[in-house]
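Student: After the structure tokens below, expect a handful of questions from me.
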Amino acid sequence: MNRLLRSVFLSATVCSVATFNAVPGESKPSQSESKPGMVWIPGGTFWMGTEDTSFPDAQPPHQVRLKGFWIDKTEVTNKEFKKFVDETKYVTVAERKPLAKDYPHVPSSQLVPGALVFFSPQARTKLRDPYTWWHYIPGACWLHPEGPDSNLENRWDHPVVHVSWDDAVAYANWAGKRLPTEAEFEYASRGGLDRRQYSWGDELNPSNKHLANLWQGTFPMENTKLDGFVGTAPVKSFPANGYGLHDMTGNVWEWCSDWYRADYFLSLPHGKVVVNPVGPTSSLDPREPESAKKVQKGGSFLCTNQYCSRYVVGSRGKSEYRTGLSNVGFRCVADK
């Protein structure tokens, strides 16, 4: 199964507060226009990206102006996704047999439905070898996150995982919503704070409090769960940001609508405010140019400064759009 694993994987302290500048003339939706389970994010102008040189694909920081939009308070849960599946009989990508044309170098005997699942290795491992902790598990899917013998008992209020970008889009269309653009997600994640490191300020654990579901301990062997969780956490387990949104940092990576290009920010007009960006028209990851990738934001329960510190609000994640993993989910947005 190793060749299929590799194919899927590759395809796969607070300072003074600066707040956003509002969009002139934009009206707030009336009470009758409110959307259950969603929060209205007023339009405004903010600085997108980060000055942290650890994230070259998120540089240079640039100003973006967005119109207002609605966004889900939480990630889509297993319970909500089940309702979608029950009504539509939708079959996720992880539940379908991989097509030989998509994996030409994989023997047909290994082309079985399944997904990539994280398992802590028993021995110390090199951080440059993710195949020691990611395993392609036949039968793993949103309903059976760790494989056929697992289930969602006591996890119905956890974020759904093992959903590909196409699966997330299918759910959003059914719900009368859409996926957020990368700019919308980052703007909402900042919670009204501009040019801060995290959704709540510039200190990761203020007063030694864990404000997001991230990794503590030695990655990837031991998670000491100082934040209370080893894997996914029920939505709303951590405080909401300034907009009333939960888990915009950590828990699971979240799909955005944009294609991922490492050079996208460099291609934007220098010194000009970018208005309602929707991302590039194609994907390019120089490290894996053969893989078409979509942007992911927010980081996950596997993020740590030892390996992946992309819980920094201005940083960027990405994955092959047909790939679902045990730390990837999504939330939706809607227009006024």
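A quick yes/no check of all residues on (1) among the aromatic types (Phe, Trp, Tyr); (2) within 30 Å of PHE46 (Cα to Cα); (3) in a loop (DSSP other than H, G, I, E, B); (4) touching a Leu at 6+ places or on another chain (Cβ under 8 Å):
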position	(1), (2), (3), (4)
ALA115	no, no, no, yes
ALA123	no, no, yes, no
ILE137	no, no, no, yes
ASP149	no, no, yes, no
ARG155	no, no, yes, no
HIS162	no, no, yes, yes
TYR171	yes, yes, no, no
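Student: So, TYR171, is that one of a type outside the set (A, V, I, L, M, F, W, C) and either at pLDDT below 95 or over 20 Å from TYR307 (Cα atoms) (or both) or not?
Tutor: So TYR171 fits the description; yes.
Student: Considering each of THR218, THR181 in turn, give the residue that is under 29 Å from ALA58 (Cβ atoms), among the β-branched types (Val, Ile, Thr) and surrounded by fewer than 20 Cβ atoms within 10 Å (Cβ to Cβ).
Tutor: Going through THR218, THR181 in turn, just one is under 29 Å from ALA58 (Cβ atoms), among the β-branched types (Val, Ile, Thr) and surrounded by fewer than 20 Cβ atoms within 10 Å (Cβ to Cβ): THR218.
Student: Quick one: count up the residues across region 156-170 that are surrounded by fewer than 24 Cβ atoms within 10 Å (Cβ to Cβ) and of a type outside the set (Gly, Ala, Ser).
Tutor: Total satisfying the criteria: 5.
Student: Looking at GLU87, GLU33, can you tell me which residue is at pLDDT 95 or above, at negative phi and charged (D, E, K, R)?
Tutor: Testing whether each residue is at pLDDT 95 or above, at negative phi and charged (D, E, K, R) leaves just GLU87.
Yes or no, residue by residue, for (1) aliphatic (A, V, I, L, M); (2) under 27 Å from GLU222 (Cα atoms); (3) over 18 Å from the mean Cα position of the chain (by Cα):
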| position | (1), (2), (3) |
| --- | --- |
| ASN251 | no, yes, no |
| TYR260 | no, no, no |
| VAL278 | yes, no, no |
| PRO286 | no, no, yes |
| LYS293 | no, no, no |
| LYS297 | no, yes, no |
| SER319 | no, yes, no |
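Student: OK, next. Can you pull out every residue in region 121-140 that is aliphatic (A, V, I, L, M) and more than 21 Å from the chain's Cα centre (by Cα)? Break it down stepwise before answering.
Tutor: Start the filter on region 121-140 by keeping residues that are aliphatic (A, V, I, L, M), which leaves 123, 127, 137, 140.
Passing the criteria: ALA123, LEU127, ILE137.
Student: Can I ask one more? Which one of these does LYS28 not meet: (1) surrounded by 16 or more Cβ atoms within 10 Å (Cβ to Cβ); (2) charged (D, E, K, R); (3) over 20 Å from the mean Cα position of the chain (by Cα)?
Tutor: Single failed check for LYS28: (1).
Student: Still on this structure, please answer the following. In region 210-226, is there at least one residue being more than 23 Å from TRP134 (Cα to Cα) and of a type in the set (Lys, Arg)?
Tutor: The answer is no, given that none of the residues of region 210-226 is more than 23 Å from TRP134 (Cα to Cα) and of a type in the set (Lys, Arg).
Student: Determine the pairs where a residue that is of a type in the set (D, E, K, R), located within region 241-254, has a partner that is modelled with pLDDT of 95 or more and assigned to a strand (DSSP E or B) with Cβ atoms under 8 Å apart, the partner being 6 or more residues away or on another chain.
Tutor: Within 8 Å, the pairs are ASP247/PRO159; ASP247/ASN213; GLU254/GLN296; GLU254/LYS297; GLU254/VAL328; GLU254/GLY329.
Student: Quick one: is SER150 loosely packed, with under 15 Cβ neighbours inside 10 Å, small (Gly, Ala, Ser) and either under 22 Å from LEU302 (Cβ atoms) or modelled with pLDDT of 95 or more (or both)? Spell out the reasoning first.
Tutor: Working: loosely packed, with under 15 Cβ neighbours inside 10 Å: no; small (Gly, Ala, Ser): yes; either under 22 Å from LEU302 (Cβ atoms) or modelled with pLDDT of 95 or more (or both): yes.
The answer is no for SER150.
Student: Right, here's the next one. Would you confirm, using the coordinates I've provided, whether PHE81 is crowded, with 20+ Cβ neighbours inside 10 Å and part of a strand (DSSP E or B)?
Tutor: Numbers: crowded, with 20+ Cβ neighbours inside 10 Å: yes; part of a strand (DSSP E or B): no.
No; evaluated as a whole, the condition is false for this residue.
Student: Which one of these does GLN110 not meet: (1) within 30 Å of ALA172 (Cα to Cα); (2) surrounded by 12 or more Cβ atoms within 10 Å (Cβ to Cβ)?
Tutor: (1)
Student: Right, next: Which one of the conditions (1) within 30 Å of ASN21 (Cβ to Cβ); (2) out of contact with any Gly (no Cβ under 6 Å at 6 or more places or on another chain); (3) not hydrophobic (A, V, I, L, M, F, W, C) does SER108 fail to meet, given that it meets all the rest?
Tutor: Single failed check for SER108: (1).
Student: Of all residues being polar (S, T, N, Q) and assigned to a loop (DSSP other than H, G, I, E, B) in region 188-215, which is surrounded by the fewest Cβ atoms within 10 Å (Cβ to Cβ)? Just the residue, please.
Tutor: ASN205
Student: Considering each of THR45, THR53, THR77 in turn, give the residue that is among the hydroxyl-bearing types (Ser, Thr, Tyr) and at pLDDT below 95. Can you show your working first?
Tutor: Values: THR45 fails: at pLDDT below 95; THR77 fails: at pLDDT below 95.
Result: THR53 is the single residue among THR45, THR53, THR77 that is among the hydroxyl-bearing types (Ser, Thr, Tyr) and at pLDDT below 95.
Student: For region 243-287, name all the residues that are more than 17 Å from PHE55 (Cα to Cα) and among the charged types (D, E, K, R).
Tutor: ASP247, GLU254, ASP258, LYS272
The values are calculated or read from the model by the stated rules, or taken from the named source; none is laboratory data. The structure presented is a predicted model; accordingly, all values stated were derived computationally and were not measured. Cβ sites come from the backbone with ideal geometry, for glycine too, and all protein chains shown count toward neighbours.
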